[in-house]
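Structure first, commentary second.
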Amino acid sequence: MKKIASFTIDHTILPKGMYLSRRDMNTVTYDIRCRRPNVEEVMENGSIHTIEHLFATFVRNSEFSDKIIYFGPMGCRTGFYFITADTLSEADAISLTAAALSFCAQFEGEVPGVSAEECGNYRDHNLPLAKKEAAEMVKVLEVWTKEKLAYPTK
């Protein structure tokens, strides 16, 4: 079988950041890398789950809501995939991601969608840790530009 695109990225040199993973038809997939793969400990499930709820709620209520396709965790627990319509500019994707993570980092109150009726694993959330994780990524993205969206190469 043909190797999928995400397996062609050299994970041994991948720092924290935001990368343009791929363009497919009318969508763009961004790789929001919160951990250095195979170097740093992976993210805790509860924090990942809480960031997923908060980030998705924020972007789907933003001015770009009609351009949001998906936001969710990577199976390796080192980051997230953010899929948008290709009509959302790269600069807007970066600023929206930074704003969403800032929202997560500062969030107070009841996390949206955390009940048995709304969520398939509503007991597994960790808001304090999610806030810490998000705040760390806000710092990373403060200096992020369109030019930095390219994956690093050796």
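FYI, it's all coordinate maths here, none of it is from the lab. Only a predicted model underlies this, so the values are computations on that prediction, with no experimental measurement involved. When we count neighbours, we look across all protein chains shown, and the Cβ atoms used for this are built from the backbone with ideal geometry, even at glycine.
When the Cα gyration tensor is reduced to axis lengths a ≥ b ≥ c, the ratio a/c is 1.5 or higher for region 57-119, and with a/b above b/c it is classed as prolate. Using only Cα atoms, tell me the angle between helix 127-141 and the longest principal axis of the chain; keep it within 0 to 90° and round to the nearest 10. With both axes taken from Cα atoms, the answer is about 30 degrees.
What does the net charge come to around residue 122 if you take all other residues with beta carbon closer than 13 Å to its beta carbon, with K and R at +1 and D and E at -1? Around residue 122, the surrounding residues sum to -4. Around the Cα centre of region 15-144, unit charges on the Cβ atoms of Lys, Arg, Asp and Glu (plus for the first two, minus for the last two) sum to a dipole of about 380 debye.
With the Cα gyration tensor of region 84-131 giving a ≥ b ≥ c as the square roots of its eigenvalues, does the rule (a/c under 1.5 for rounded; else a/b larger than b/c for prolate; else oblate) give rounded, prolate or oblate? Verdict is oblate for region 84-131. Between the helical axis of 45-60 and the longest alpha-carbon principal axis of the chain there is an angle of about 90 degrees.
Most simply put, the chain has about 100% antiparallel DSSP beta bridges, counting only bridges with both residues inside it.
Listing 114, 59 from fewest to most neighbouring C-beta atoms within 10 Å gives 114, 59.
Using R0 = 41 Å, the C-beta based FRET efficiency linking residue 10 and residue 121 works out to 0.80. Between residue 22 and 29, the built amide H atoms are under 5 Å apart, and every one of these is 5 or more places off in sequence or on another chain. With the convex hull drawn around the C-alpha atoms of the chain, the volume per residue stands at 131 Å³.
Of the GluC sites (Glu not before Pro) found in region 36-131, those that fall in a DSSP loop while having at most 14 other beta-carbon atoms within 10 Å are 40, 41, 63, 108, 110, 117, 118. Taking every C-alpha pair closer than 8 Å and separated by at least 6 residues, the mean separation divided by the residue count of the chain gives a relative contact order of 30 percent.
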